[in-house]
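Remarks on the structure that follows.
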Amino acid sequence: MPLLPDITAFYGGGDEAARLTSGRTIDTLELVRTQELLRGHLPPAPASILDVGGGPGAHARWLTGDGHRVVVVDPVEHHVRQAHAQGLAAFVGDARQLGHLPDTSYDAVLLLGPLYHLPDAVGRAQAWQEAARLVRVGGLVAAAALNRYLKVQDLGADDGLEVAKTGLLVRPNGPTTYYHEPAELQEEAGRAGLSETRVYGVQGPASAAVKARARHTGSGDLGQEALERALAAARFADGHPELAVTSLHLLALARRRPAACDEASSGRP
Ligand SMILES: C[S@@+](CC[C@H](N)C(=O)[O-])C[C@H]1O[C@@H](n2cnc3c(N)ncnc32)[C@H](O)[C@@H]1O
C-alpha cells in the first residue's frame, strides 16, 4: 500500500509549516477555529495525542504548549524533519497502516489532513479504522475533511461544479483530492465503530466570501473586523449543523464507544 509519490512532490514546494500563521484571514480562521473546537473536546492536559498527517506540526506545537503529549505521524519525510527541528516527537508513517502502534494507546487521535488525500473509499476506511483502533475507549477522534460544496459557492473556482458533482479534484500533474459531504464523514466514522459524531464547519459560513474578498483586494489579510465577523458566523453555525456545507473545511469529532456497545451491536453476549 505505497503512498502515492505525488503527495511528497505536492508538499515539496509550499511551506506547510508556516501556512496557518501566514496572517491570511482564511488560514487564521482555520487555526483559531480548530483550536477552539479541539480544546472544547479534548480531555484535560496532559492527554496523549497522536497527530496523524500532522505535517510539520502546526497543531502539535500549540497542543504541546497546552501541556499535552503529542506524537506526529506523516508520510512526507520533509515534514517529519521540520517537526523534529521544533522539538516534536514525529515519525514517518501512513494513516492507513499504523500496525506497529498498540491498540487503545492514545486519549485522542487527530486526522487533520489525510482524508483530503485518500480519494479511494477503502483507503479512507483504513485510516478511520486505524484511528478508532488506536484511541482509548471513550477517547476522541478528530478528522478534518474538505467540504464538497464550498467551491461551488465560490465564483472564482473554475472547478467548483465538477467537485460538487464528483467529490474529486483531479489534477493533471498532481494528487487527486477528495471532498466530503458532511453526512458521508459521519457515516465513515460510524462504520469505523465510532459514535457521538458531530460534524462542524471549521472556517464557517463566511468561507466563500473571505476567499472572494481576498482575491478581489489582492490581500489575504482582510483585517481584524472581517476576522471577528467570520469567527462569529462560524461559532453561530456550530449550533446549526445544516450550515456545515458553507464552510471550507469540515471537522468530525467522534468518540470510541465502550466495548459493551460493540458486543451488543455484534450480537455477542
Ligand atoms: C493539508 S496538510 C495538514 C497538515 C496539518 N495536519 C495541519 O492541519 O496543518 C495534510 C497532511 O496530510 C499528510 N498526508 C497525506 N496523506 C497521508 C496519509 N496517507 N497518511 C498520513 N498523512 C497523510 C500530508 O503529508 C500533509 O502533511
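Each reported figure results from applying straightforward, stated rules to the coordinates on display, with no laboratory input. None of the values given here were measured: they were computed from a predicted structure. Neighbour counts run over all protein chains shown; Cβ positions are idealised from the backbone, glycine included.
Normalising by residue count, the range 31-103 has a Cα convex hull of 96 Å³ per residue.
Roughly how compact is the chain, stated as its Cα Rg over 2.2 N^0.38 Å to two decimals? Intermediate results must be reported in sequence, preceding the final value.
Details: Rg = 18.0 Å, N = 269, 2.2 N^0.38 = 18.4 Å.
The chain yields a ratio of 0.97.
Could you line up Arg124, Arg81, Arg33, Arg19 from fewest to most neighbouring Cβ atoms inside 10 Å? Don't jump to the answer; show the numbers that get you there.
Values: Arg124 26, Arg81 12, Arg33 23, Arg19 15.
The order, fewest Cβ neighbours first, is Arg81, Arg19, Arg33, Arg124.
All distinct Cα pairs of the range 1-151 go into the 1/r average, and the inverse of that average, the Kirkwood radius, is 15.7 Å.
Per-residue ellipticity at 222 nm for the chain, helices alone: DSSP H runs ≥ 4 residues times -39500 (n - 2.57), over residue total, nearest 500 deg cm²/dmol?
Estimated from H runs of four or more residues: -11500 deg cm²/dmol.
Kirkwood analysis of the Cα pair distances in the range 157-269 returns a hydrodynamic radius of 16.5 Å.
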